[in-house]
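The values are calculated or read from the model by the stated rules, or taken from the named source; none is laboratory data. From a predicted model like this one, the values you see are computed outputs, not experimental measurements. No Cβ is skipped: glycine too gets one built from the backbone with ideal geometry, and neighbour counts run over all protein chains shown. Keep in mind that these areas ignore ligands, DNA and RNA; they rest on the heavy atoms of the full protein, side chains included. Shrake-Rupley method; radii C 1.70, N 1.55, O 1.52, S 1.80 Å.
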Amino acid sequence: MRNLEFITGEYYHIFNRGNNKRPIFLERYDLDRFFLSMQEFNSEDLIGSIYEHRFDKKKPNDSSKLVEFICYCLNPNHYHFLVKQVIDDGVVKFMHRLGTGYTKYFNQKHENSGSLFQGTYKAKHIDTNEYLLHLSVYINLNPEAHRLGSLASKSSWKEYINPSNTGFCNTEIILSQFKNISEYKKFAQDSLKLTKQEKKLQKELLGSLASK
């Protein structure tokens, strides 16, 4: 059981991966379908079939959202979200709909059965602004850190560096803390470089301990 209370107005890091590290996206359409699910299931109103809902002109407005996306990344076998809960139980409701809906789609399409994801999604409360800023970089540049190509992954990075790509995420909470986009890009690259150095050092340390 998760020992974490989701509080409305607070920020959370949500993440999970495929069961036994298996891929959760077998083709580009799967990734696009998951991203569509992130949009369509983020509503207080039950939408039923995503396919049928796409032809419904009545789209949920901001006031009916369950969570507000700040950043996201989708990789072949895992995902990361940085979200703000905007209504009570918003995270729980959204993640249940997303996990159930996408698993049903995936299993039907790929003739799979059983659990697609590795247990219940993981969640961490973002309790400092420094954590919020560095997590935005970790998520936005996660595909780059894993050296994944554009066809294998998708993230909100383009929304942060190109204003014309905005729309899905609320980038203001992060970008408003920098003078301009260039300053955030420099902060992001420096943060990513530090993360890579720490991972390399950790790997070398573990290797050294294993050899003793």
Which residues, taken from the stretch 73-110, are in contact with a helix residue (DSSP H, G or I) (Cβ under 9 Å, 6 or more places away or on another chain) and among the β-branched types (Val, Ile, Thr)? Val83, Val86, Ile87
Sort out which residues of the stretch 161-183 are part of a helix (DSSP H, G or I) and modelled with pLDDT under 80, and write them in order of number. Pro163, Ser164, Asn165
Looking for whichever is modelled with pLDDT under 95 and not in a loop (DSSP other than H, G, I, E, B) here; the options are Lys124, Lys158, Lys93. Which one fits? Lys158
Tell me which residues, restricted to the stretch 134-155, are within 15 Å of Lys193 (Cβ to Cβ) and at pLDDT 90 or above. His134, Val137, Tyr138, Asn140, Leu141
Of Tyr72, Tyr184, Tyr79, the only residue that is under 23 Å from Glu10 (Cβ atoms), over 15 Å from the mean Cα position of the chain (by Cα) and surrounded by 17 or more Cβ atoms within 10 Å (Cβ to Cβ) is Tyr184
Long-range neighbours under 6 Å by Cβ, at least six apart or interchain, first residue surrounded by fewer than 19 Cβ atoms within 10 Å (Cβ to Cβ) within the stretch 120-140, second modelled with pLDDT under 95: Ala123/Leu4; His134/Ser191
Restricting to the stretch 1-31, what's the tally of residues that are at pLDDT 95 or above, open to solvent by 30 Å² or more (accessible area, probe 1.4 Å) and either of a type in the set (Lys, Arg) or within 14 Å of the chain's Cα centre (by Cα) (or both)? 3
